[in-house]
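The values are calculated or read from the model by the stated rules, or taken from the named source; none is laboratory data. Note that the structure is predicted; figures quoted are calculated from it, not measured. Heads up, the Cβs are rebuilt from the backbone with ideal geometry, glycines too, and the neighbour counts pull from every protein chain shown. Areas reflect the complete protein model, heavy atoms only, side chains present, ligands, DNA and RNA absent. Shrake-Rupley method; radii C 1.70, N 1.55, O 1.52, S 1.80 Å.
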Amino acid sequence: MLCAMQLRPVHALLAVLATASLQAGFPPESPADRDARMAWWRDARFGMFVHWGLYSGLAGTWQGKTVGTRGGMEWIQNYVKADTYAYAHEAIPRFKPKPGFAREWARLAREAGCKYVVFTSKHHEGFALHQSAYSTYDGGDITGRDLVREIVDALHAEGLRVGFYHSVIDWHHPQYDYAAAGELPHPLKGQPSPNGPRNHAIYVEYLHNQVRELVSNYGPVDILWWDYSKPGAEGEFWRGDQLVRMVKEHQPGIIMNNRLFRIPHIEQHDSVDRLKSWNPAEGDFTTPEQTVPSTGIPGVDWEACMTMNTTWGFSEHDTAWKSTEQLIRTLVDIASKGGNYLLNVGPKGDGSIPEESVERMQAIGAWLKVNGESIYGTTASPFSELGFEGRCTRRGNTVYLHVFTRPDSGTLQLPENLTAATLLANGAGLTIEPTDGGKTRIQLPESLPDPICTVVRATLR
Ligand code: GLC
């Protein structure tokens, strides 16, 4: 079993920061200041991602036809190649936020053991959830409500940190120059602009203005989760340096991902080597999508974002739900490699979260209630290999052995000298003895208290 060797991000960052070109807008910062700013995020380990917009009401169906049963249905406008008018005509009547939806999200996130929630303030479709003075395609104009205010207030009331996912890609704005946007997707790609030549600078001004509203009007914002750039339409295409500086002026402690700048590597099955090419001058953390780097990304802050079925935005056709076992083990896997898990839910057009997601989130929460000590505030495994099916996390001299399957021998053989083994679930002491070559054997009970993942706490000598 491979686990990441532990390497405190700060040490590697020291070296990288010294050599990194800082032209990308993130002001120079001492490693100590960066550590202080990142501390809560590194401890959090688990967040809830929410994709919710006009696409949620369409639910993977366009004019009565199923668009797909798998894949991201928040892209439905692009899949059916609808211009913004046809799209709005179909989608707006199906987007009907029910009163109190935001409190349901917030309560679920807290029950699930999430420490933060990142939600789509605007996805590629261009519909902004907040009440914006710069558009009429937003929550205020379409629903008469400031949906961002409702969500942020609800999250704060549950003690959760708040993140905005904000798409720089925009399939609505009439001046967004999709022809100049390199490989970035657009429903009208390849077709002439229906409204004549586009002046991208006007769109960029609008982008900055809406982001300024978001970071000025809703109290503390903890994360800005940009999405996304591609070669040919990277940082400078969005005036990224200024955007980042403006955001930091309003929210000095904010944490941002790196998708505003050069990130040719957010796809599935990314190799660790490509993720390592991340440059701290272009964001605070990097975002492997739908994949967990096999040995983590030592020295780099990373967060794996993943769906619970196969879509980000709600689809009534996607039934490929991951099991609770898979989700809990993924959380453990990511923590054992030193990363965060941003697990997605896609509420329906009325804001309600699908029952399948609610059940799974609650099950993760129940597991974390018992075993949270082995996840929050831990760092990557100190072992490069474990002799059993499971994972390991660490806090100082304490190690947490996550056992997925009880070995036939009934024992855990550890490559290091350990002492004081107990079951985290009930504090029961386990027989632990040294074996040859400075190794350790721990005797497990006949049956494990948790068939998904039982945690044994032990101390490194
Ligand atoms: C991609 C997709 C998008 C989704 C995101 C989540 O960038 O375009 O639909 O929101 O990944 O990571």
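Convex hull volume per residue, computed on the Cα atoms of region 132-179, equals 84 Å³. Peptides 38-45, 379-386 ranked from most to least packed give 379-386, 38-45, packing being the mean of other C-beta atoms within 10 angstrom over each peptide's residues. What FRET efficiency do you get for Asp83 and Asn199 if R0 is 22 Å and r is their Cβ-Cβ distance, rounded to the nearest 0.05? Once rounded, the FRET efficiency stands at 0.75.
Restricting region 165-245 to GluC sites (Glu not before Pro) that sit in a DSSP loop and have at most 15 other Cβ atoms within 10 Å of their own Cβ leaves Glu183. Label-to-label distance, Thr431 versus Glu355, with points set 7 angstrom from Cα along the beta-carbon direction: 4.7 nm. Projecting the Cα atoms of Pro187, Gly72, Phe237 onto the charge dipole of region 11-374 (Cβ charges, centred on the Cα centre) puts Gly72 farthest toward the positive pole.
For the listed peptides 280-292, 191-203, a ranking on the average number of other beta carbons within 10 Å per residue, highest first, reads 280-292, 191-203. All other residues whose Cβ lies under 13 angstrom from that of Arg239 are scored, Lys and Arg at +1 and Asp and Glu at -1, for a net of -2. Whole-percent P(r), the chain, all Cα pairs, 10 Å bins from 0: 4, 21, 30, 25, 13, 6, 2, 0. Counting only protein heavy atoms and a 1.4 Å probe, region 390-460 has 44 square angstrom of accessible area per residue. A protection proxy built from the mean count of other Cβ atoms within 10 Å ranks the segments 391-403, 407-419, 334-346, most packed first, as 334-346, 391-403, 407-419.
Under 16 Å of direct C-alpha separation, and excluding same-chain neighbours fewer than eight residues apart, Lys81 reaches these lysines: Lys65, Lys189.
Summing -39500 (n - 2.57) over the DSSP H runs of n ≥ 4 in the chain and dividing by its residue number, what mean residue ellipticity at 222 nm do you reach, to the nearest 500 deg cm²/dmol?
Working: 13 runs with 133 residues, N = 461.
Mean residue ellipticity, 222 nm, calculated: -8500 deg cm²/dmol.
Take every pair of alpha-carbon atoms less than 8 Å apart whose residues are at least six positions apart; their mean separation over the length of the chain yields a relative contact order of 21 percent.
Give me the Kirkwood hydrodynamic radius of region 139-223, using the inverse of the mean 1/r over all pairs of distinct Cα atoms, in Å to one decimal.
Numbers: mean 1/r = 0.0667 Å⁻¹.
One decimal place: 15.0 Å for the Kirkwood radius.
Using Cβ point charges alone (K and R +1, D and E -1), the dipole size of region 11-374 about the Cα centre works out to roughly 220 debye.
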